[in-house]
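What follows is a short report on a single structure.
Quick note: the coordinates plus some simple rules give every number you see, no bench work behind them. Because the structure is a prediction, the values reported are computed rather than measured. Reconstructed Cβ throughout: ideal geometry from the backbone, glycine too, with neighbour counts over all protein chains shown.
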Ligand SMILES: [Zn+2]
């Protein structure tokens, strides 16, 4: 890509982050925390979902149908049995496009096809046709993608950190990386404390959950700490769709 195209893409990305495409003022009766997992590495399902279920709560799993029985970042992704297991246990299955492509690198038609394939695949597993939640692969966003996602999904979740409070950007919800090498327990506690003070909605995202995680994953101990700290601070822990459906 030449320098001019790079500058245009960066401008488009920045405009997308600030553009109000699907915004809504929502006020929460209690502070809320959501735990989300991108790409569905198997350890997110076998270990991550178990940590949530042990505490009686559920998470959101943003999956790519094209990664079923495949690998991403050298980690094995979901099987169809894994996805059925998540549904049976009350977790949310959500879209991360079908082939884990960057929205910025897709034409309008290519993105439309990715969305259609992803929705069809995910709905075939969940066996319902409720609007799905979505997260942008690699956090890649531009204005066209943001508009399309706002029309096709209940919410879009990005990777811009912060707490969702007041006027929420529903097509690019703020979310915070729960990556072992990038966040300390005191940072997690501070984010949750601020969510309580501001009565907002905090979303964490991660990938694998294992003792020696990838640079994009977390250890079971840190995930347990985050969930337990949120519970201790009387936050409600809900999947992304549960939060949105509570306003329907
Ligand atoms: Zn991803």
Item to complete: Scan region 102-119 for residues that are surrounded by fewer than 18 Cβ atoms within 10 Å (Cβ to Cβ) and under 19 Å from the mean Cα position of the chain (by Cα) and jot them down.
Response: 102, 116, 117
Discussion item. With the requirement that a residue be touching a strand residue (DSSP E or B) at 6+ places or on another chain (Cβ under 8 Å), closer than 24 Å to residue 12 by Cβ and away from the ligand (no atom under 14 Å from the Cβ), what does region 90-132 give you?
Written reply: 115
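One line per residue, one yes/no per condition, for (1) more than 15 Å from residue 96 (Cβ to Cβ); (2) in contact with a helix residue (DSSP H, G or I) (Cβ under 9 Å, 6 or more places away or on another chain):
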site	(1), (2)
134	no, yes
139	no, no
145	no, yes
150	yes, no
154	no, yes
157	no, yes
160	yes, yes
166	yes, yes
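How about region 1-25: which of its residues are part of a loop (DSSP other than H, G, I, E, B) and either in contact with a strand residue (DSSP E or B) (Cβ under 6 Å, 6 or more places away or on another chain) or surrounded by 13 or more Cβ atoms within 10 Å (Cβ to Cβ) (or both)?
Result: 19, 21, 22.
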Item to complete: State whether one or more residues within region 219-228 are more than 16 Å from the ligand (Cβ to nearest atom), buried (at least 21 other Cβ atoms within 10 Å of the Cβ) and either at positive phi or within 13 Å of the chain's Cα centre (by Cα) (or both).
Response: no
Worksheet item: Which ranges mark the strands (runs of 3 or more DSSP E) fully within region 144-208 that have 3 or more residues being more than 18 Å from residue 63 (Cα to Cα)?
Response: 166-169
Worksheet, complete the sentence: Conditions (1) farther than 24 Å from residue 189 by Cα; (2) away from the ligand (no atom under 16 Å from the Cβ); (3) touching a strand residue (DSSP E or B) at 6+ places or on another chain (Cβ under 6 Å) -> residue 39 fails only (2)
